[in-house]
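For reference, the structure discussed in these notes is given below.
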Amino acid sequence: IRAMCSEATQIHIFDDSEALARGAADEFVRRVESKLESGDRFSVALSGGSTPKRLYALLADPPYRDRVAWEKIHFFWGDERTVPPGHPDSNFGAADEALLSKLEIPPVNVHRIRAEMSDPAEAAAEYEAELRRHFKLGDGAFPSFDLVFLGMGADGHTASLFPGSDALGEERRLVVATWVEKLGTHRVTLTCPVFRKAACILFMVSGADKGETLRYVLEDAAEPPRYPAQLIRPDAGELSWYIDGAAAQALEDLGGR
Ligand code: 6PG
């Protein structure tokens, strides 16, 4: 892989999606081991969609499985679809099938967004309360995840923060229900200030179809940003982009640096 770093952003280019998943698994284990040297638990927000599925499968098997103190890991989600947990579109369902169901994880460590509720806004409020409880937050405070995995769509959305969404400007609430016009459905998503407070944000982007958007997201500093993924800049944490060769092919400018 080639790693290019700027003052705040690390870009790791992997040969293919398998190498990307292994790189992300290595980083997850490394961060868990580091945090648990001094802390008693590790809070991670998982992303949805297809890209992270291989990562979850890797973590469920040796050697990764045996290197993590799973009982100290707390699982959250960056966003969720308004479907039941067993539905094929469920982000929780994907992680549960590939990883959680295969490990001895205390149920209290799995913090699922109950987005199947009839009122998505109520699901968002309930999840916000769960975050406040877990992170022991006072009013106006935001949680700081030890690690946030995010993906990016070809339209530059991340989590369920889509272009033009009213959720993009939310700076007070931790979790919102948002109508996604292009999908004709509601989603429940964490908000930008929550993502920004993370100790580490790790984007995983795979596939040639995202290359052009990725190039714009990584190279353009125009204001206001064109894509939601550009809004996710950590206040003090690290930002890493893990991308595969197919997505990187549109980054030939960066490749030369
Ligand atoms: C979701 C994800 C979303 C995802 C991107 C990329 O709920 O769909 O949170 O933000 O990360 O859409 O999805 P793929 O990994 O399937 O390309």
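The values are calculated or read from the model by the stated rules, or taken from the named source; none is laboratory data. Remember, it's a predicted structure, so these values are computed and weren't measured experimentally. Don't worry about glycine lacking a Cβ; one is built from the backbone with ideal geometry, like all the others, and counts go over all protein chains shown. Keep in mind that these areas ignore ligands, DNA and RNA; they rest on the heavy atoms of the full protein, side chains included. Shrake-Rupley method; radii C 1.70, N 1.55, O 1.52, S 1.80 Å.
Brief remarks on what is shown
- When the helices (runs of 4 or more DSSP H) confined to region 158-257 are screened for residues that are open to solvent by less than 10 Å² (accessible area, probe 1.4 Å) and closer than 18 Å to Leu147 by Cβ, those reaching at least 3 such residues are found at 192-196.
- Test: residue in region 86-104 that is over 20 Å from the mean Cα position of the chain (by Cα), open to solvent by less than 30 Å² (accessible area, probe 1.4 Å) and either touching a residue at least 24 places away in the same chain (Cβ under 8 Å) or over 30 Å from Asp209 (Cβ atoms) (or both): yes
- Picking from residues in region 30-56 that are among the β-branched types (Val, Ile, Thr) and outside any strand (DSSP E or B), the one that is farthest from the chain's Cα centre (by Cα) is Val32.
- With respect to being touching an Asp or Glu at 6+ places or on another chain (Cβ under 7 Å) and either open to solvent by 70 Å² or more (accessible area, probe 1.4 Å) or touching a residue at least 24 places away in the same chain (Cβ under 8 Å) (or both), Arg114 fits the description.
- Under the condition of being hydroxyl-bearing (Ser, Thr, Tyr) and surrounded by fewer than 20 Cβ atoms within 10 Å (Cβ to Cβ), the residues counted in region 19-71 number 4.
- Checking each residue in region 168-201 for being within 12 Å of the ligand (Cβ to nearest atom) and under 27 Å from Phe14 (Cα atoms) picks out only Phe195.
- Just one of the listed residues (Glu126, Glu130, Glu104) is in a loop (DSSP other than H, G, I, E, B) and more than 14 Å from the ligand (Cβ to nearest atom), and it is Glu104.
- Count of residues meeting criterion [over 16 Å from the mean Cα position of the chain (by Cα) and more than 11 Å from the ligand (Cβ to nearest atom)] in region 140-167: 8
- Test: residue in region 5-15 that is in contact (Cβ under 8 Å) with a residue 40 or more places away in the chain, farther than 21 Å from Val217 by Cβ and open to solvent by less than 30 Å² (accessible area, probe 1.4 Å): no
- Residue match in region 216-234 (condition: closer than 17 Å to Phe14 by Cβ and either charged (D, E, K, R) or away from the ligand (no atom under 12 Å from the Cβ) (or both)): yes
- Extreme residue, nearest to Ile105 (Cα to Cα), among residues of region 47-77 that are within 16 Å of the ligand (Cβ to nearest atom) and out of contact with any helix residue (DSSP H, G or I) (no Cβ under 7 Å at 6 or more places or on another chain): Phe76
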